[in-house]
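Read the structure below first, then the notes.
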């Protein structure tokens, strides 16, 4: 998804290079980076924390994508496709968090 976000924002106005374009790309890159960092911490508790941060970045990304569409910088079909992909990733993150909660409860 992050790759697709970078491609989708290449045609945004040059005046937005340090504005919405940067925010969208940063939020998109933050999702997999937080997942990787959390997994690398080696504990379920840390992993869950970073998964929640990834979910927050994903929600931020969704908001920015909707704004980009409203501003006319992204075609509705492209925005819709990216938002659907973000929704799928959110479901996966939520599933991982449920699994971690269940394993923590079983360990307690």
Entry for Rg and Dmax of the Cα atoms in Å (calculated from the structure that is shown) out of (i) 15.2, 47; (ii) 14.2, 50; (iii) 15.6, 53
(iii)
Could you tell me the relative contact order of the stretch 18-90? Use alpha-carbon pairs under 8 Å, at least six residues apart, and round to a whole percent.
29
Sum of -39500 (n - 2.57) over DSSP H runs of 4+, divided by residues of the chain (222 nm, nearest 500)
-28000 deg cm²/dmol
For the stretch 72-105 and the stretch 1-56, write down the distance between their C-alpha centroids in whole Å.
12
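Taken together, the values in this text are just the output of simple stated rules run on the coordinates, not laboratory data. In this text the structure is predicted, and so the values were computed from the model without any measurement.
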